[in-house]
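Read the structure below first, then the notes.
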């Protein structure tokens, strides 16, 4: 696919990684929409030229409506409750955002015939206290927080949706990401 022909939905696109990703995609002439609840992101981070939908991924019908309306070819799922501390303070909310939100998005992707999902997982919380650094991808998974458990479970859900419905995905296990914004 070449620029201008590709429609991308970036969840969490008002956040640090998502806003940089949305900028890059726009610079390649992709059609971009950002979906963000602004719980940690900022509307001023949404790049000019991107459509913007403010909503919580827990709201299944609204998520499905947005995905059907925009009709993305690919979804970059960057949105998350990403605080390990908050995942311990409110593990139910962590699961709602990180698991139920993902499932709502995947159901919407199937309804809209999305061609693939790129998922922001987490390397730092996935492997627990890793014995080998750098940690090989095949190292045993040992998440030590509700956030890490949700990320690992999300990868399993993505695998299941790929096997059952043919929805391709890739999971990126980021380390700590930082820089200017």
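What follows is calculated from the coordinates using simple rules that are stated; it is not laboratory data. Just so you know, these numbers come straight off a predicted model, no measurement behind them. We place every Cβ from the backbone using ideal geometry, glycine too, and count neighbours over all the protein chains shown.
Modelled label-to-label distance, residue 44 and residue 139, 7 Å Cα→beta-carbon offset: nm?
For the pair residue 44/residue 139, the computed spacing is 3.8 nm.
Taking neighbour counts of Cβ atoms within 10 Å as a proxy for exposure, in what order, fewest first, do 178, 157, 127, 169 appear?
Working: 178 7, 157 15, 127 23, 169 19.
The most exposed by this proxy come first: 178, 157, 169, 127.
Just checking my list (i) 45, 40, 31; (ii) 51, 40, 40; (iii) 49, 44, 31 against Cα extents along the principal axes in Å computed from this structure; which label fits?
(i)
Only helical DSSP H runs with n ≥ 4 go in: add -39500 (n - 2.57) per run for the chain, normalise by residue count and round the 222 nm mean residue ellipticity to 500 deg cm²/dmol.
Working: 7 runs with 70 residues, N = 181.
Using -39500 (n - 2.57) per qualifying helix, the result is -11500 deg cm²/dmol.
So for 142, 109, fewest C-beta neighbours within 10 Å to most, what's the order?
Working: 142 13, 109 25.
In increasing order of surrounding Cβ atoms, one gets 142, 109.
Just subtract the alpha-carbon distance of residue 163 and residue 83 from 0.36 nm times their residue separation and send over the number in nm, one decimal.
Working: separation 80, 0.36 × 80 = 28.80 nm, distance 3.01 nm.
Residue separation times 0.36 nm, minus the Cα-Cα distance, leaves 25.8 nm.
Label residue 156 and residue 103 with points 7 Å out from Cα along Cα→Cβ: what is the distance between them in nm?
1.3 nm
Note the full-extension length gain between residue 93 and residue 59 as 0.36 nm times their separation in residues minus their Cα-Cα distance, in nm to one decimal. List each step's numbers first, then the result.
Details: separation 34, 0.36 × 34 = 12.24 nm, distance 1.31 nm.
Additional length available on full extension: 10.9 nm.
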